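Everything below concerns the one structure shown next.
The values are calculated or read from the model by the stated rules, or taken from the named source; none is laboratory data. Source: prediction; values computed, not measured. A quick note on method: Cβ atoms are made from the backbone with ideal geometry, for glycine too, and the neighbour counts reach across all protein chains shown. Keep in mind that these areas ignore ligands, DNA and RNA; they rest on the heavy atoms of the full protein, side chains included. Shrake-Rupley method; radii C 1.70, N 1.55, O 1.52, S 1.80 Å.
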Amino acid sequence: MVDSTHHVHFDQTVINDGLHDNSIIYQVAPDGTSLTVHLGFLQINHRYRIELSVPAQTVKDAGFAVDGNSAFVVQDVAVPNVNCRLIDFPSSTADVKGAEHFTVTVEFFAHKEKLLKEHLHLCGKEQSNRRLELILIARVLGKGKGTPMLRNGIHCIGVEKTDEESEMSDWQGFGKEK
């Protein structure tokens, strides 16, 4: 329904019908070595803190022995991912023993419009030969295309100005000729 101020409002019965869940969607690869995370709509040039609830079974299927690692870290690669980085993963096995989900915190920067796909390769601190790939997918709205409703666990932590938005310029304007 559209009101006179041109804002869209949805009936609460439609929002809370059980079919329109606002959760992050997870898909585990058949081989269990990767987890695709669907973040929904984000906004360009916005930085987000994302709290993921990674199924413990996925970590086990990837070959991680929870008891065999003191921490999980991002695997060293030649070109590090500057748009997506691991902030926190359970640091001790005491925090995760018997847990059904691992709470993983990631910082994500929506640096381009349309479909954005970022990869994070996690490995155990002591078992660096085992790896779990997190594939984060988002649809990024461009400037002036609207403000998305963020899914549960996604929080905007900042907006970065681009060169186009910067107030700084070396142009002095039109001067008077003498």
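Taking into account only those residues within segment 23-53 that are of a type in the set (Gly, Ala, Ser) and farther than 18 Å from THR105 by Cα, which is modelled with the highest pLDDT?
Looking at the filtered set, the residue picked out is ALA29.
Would you point out the residue of segment 84-112, among those that are open to solvent by 30 Å² or more (accessible area, probe 1.4 Å) and of a type in the set (S, T, N, Q), that is modelled with the highest pLDDT?
Among residues in segment 84-112 that are open to solvent by 30 Å² or more (accessible area, probe 1.4 Å) and of a type in the set (S, T, N, Q), the one modelled with the highest pLDDT is THR103.
Show the residue pairs meeting these rules: Cβ distance below 8 Å; 6+ apart or different chains; first residue within segment 113-136 and more than 22 Å from SER53 (Cβ to Cβ); second residue of a type in the set (S, T, N, Q).
Listed by first residue and then by second, the contacts come to GLU126/ASN69; GLU126/SER70; GLN127/ASN69; SER128/GLN75.
Give segment 107-129 a look and list any residue that's more than 14 Å from THR36 (Cβ to Cβ), touching a strand residue (DSSP E or B) at 6+ places or on another chain (Cβ under 6 Å) and either among the basic types (Lys, Arg) or part of a loop (DSSP other than H, G, I, E, B) (or both), or say none.
Passing the criteria: ALA110, GLU113, LYS125.
Using the structure shown, decide if THR58 is open to solvent by less than 30 Å² (accessible area, probe 1.4 Å), modelled with pLDDT under 90 and either on the phi < 0 side of the Ramachandran plot or not in a strand (DSSP E or B) (or both).
Yes, satisfied.
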